[in-house]
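The values are calculated or read from the model by the stated rules, or taken from the named source; none is laboratory data. Predicted, not measured: the structure shown is a model, and the values here were computed from it. Neighbour counts are summed over all protein chains in view; Cβ atoms, including those assigned to glycine, are modelled from backbone coordinates with ideal geometry.
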Amino acid sequence: MLSLANSAYMAFYLYLIMLLIQWMVATFSKTSQPNAIPGKMNEDLSHDSFVFRAHRTFHNTLENSALFIGTVLFAFSINYQSIVFAIAVWTYLVARVIHMALYYAIATEKNPSPRSYFFLIAVAANAVMLVMVGVRLL
């Protein structure tokens with residue numbers, strides 16, 4: 001059984017599963033469209049299209065993955081184990097899953113949209129993780 005501090009490993013694993021699912025949803029929703037061209041998104045699509053939202057959900061996750069993956073792997077490499085760090089990793093994961101679900105479900109051009117709040121929660125959780133690793137290095 002994993003301790004709460006070690007559960008960061010499980011949250012990271014689930015994050016990678018989420019990333020795979022987002023890739024599959026984006027890929028298969030796009031390729032199911034008539035006249036789909038690999039590597040090219042129809043410029044006429046917007047938030048009213050699930051294909052657009054699935055594509056943007058996946059790409060938004062990719063845009064945020066470098067910092068998250070880097071921070072978590074750096075923490076793992078220095079064997080940093082903390083309950084607060086694990087909670088931050090889980091918070092990031094849950095916020096990204098809710099962001100994904102809202103992006104899939106709500107077609108809106110409104111800013112901020114409901115998904116924006118979960119995007120910001122994930123960014124804040126990532127900032128907390130980064131600061132915690134930095135403090136550990138001091």
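Some observations on this one:
- If you go through segment 125-138 and pick out every residue that is surrounded by 13 or more Cβ atoms within 10 Å (Cβ to Cβ) and either hydrophobic (A, V, I, L, M, F, W, C) or more than 17 Å from Asn79 (Cβ to Cβ) (or both), you end up with 8.
- Close Cβ contacts (under 9 Å, 6 or more residues apart or on different chains) running from residues in segment 58-81 that are without any contact (Cβ under 8 Å) to a residue 24 or more places away in the chain to residues that are of a type in the set (Val, Ile, Thr) and part of a helix (DSSP H, G or I) are absent.
- Flag for Arg53 being touching a residue at least 60 places away in the same chain (Cβ under 8 Å) and either touching a helix residue (DSSP H, G or I) at 6+ places or on another chain (Cβ under 6 Å) or of a type in the set (Lys, Arg) (or both): no
- Test: residue in segment 99-108 that is more than 14 Å from Thr57 (Cα to Cα), part of a helix (DSSP H, G or I) and in contact with a helix residue (DSSP H, G or I) (Cβ under 9 Å, 6 or more places away or on another chain): no
- Tabulated pairs, segment 4-31, first over 27 Å from Phe52 (Cα atoms) and touching a residue at least 24 places away in the same chain (Cβ under 8 Å), second crowded, with 16+ Cβ neighbours inside 10 Å and hydrophobic (A, V, I, L, M, F, W, C), C-beta under 6 angstrom, 6+ apart or interchain: Leu4/Ala86; Ala5/Ala86; Ser7/Ala86; Ala8/Ala86; Ala8/Val89; Ala11/Val89; Ala11/Trp90; Ala11/Leu93
- First in segment 118-138 and assigned to a helix (DSSP H, G or I), second anywhere and aliphatic (A, V, I, L, M) and surrounded by fewer than 14 Cβ atoms within 10 Å (Cβ to Cβ), Cβ under 7 Å, 6 or more apart: Met132/Val84; Arg136/Ile78
- Of all residues in segment 4-60 being over 21 Å from Val97 (Cα atoms) and not in a loop (DSSP other than H, G, I, E, B), the one that is modelled with the highest pLDDT: Thr31
- Qualifying residue in segment 102-114 (condition: at pLDDT 95 or above and either among the basic types (Lys, Arg) or under 13 Å from the mean Cα position of the chain (by Cα) (or both)): no
- Of everything in segment 82-117 that is of a type in the set (Lys, Arg) and under 25 Å from Ile69 (Cβ atoms), the residue that is surrounded by the fewest Cβ atoms within 10 Å (Cβ to Cβ) is Arg115.
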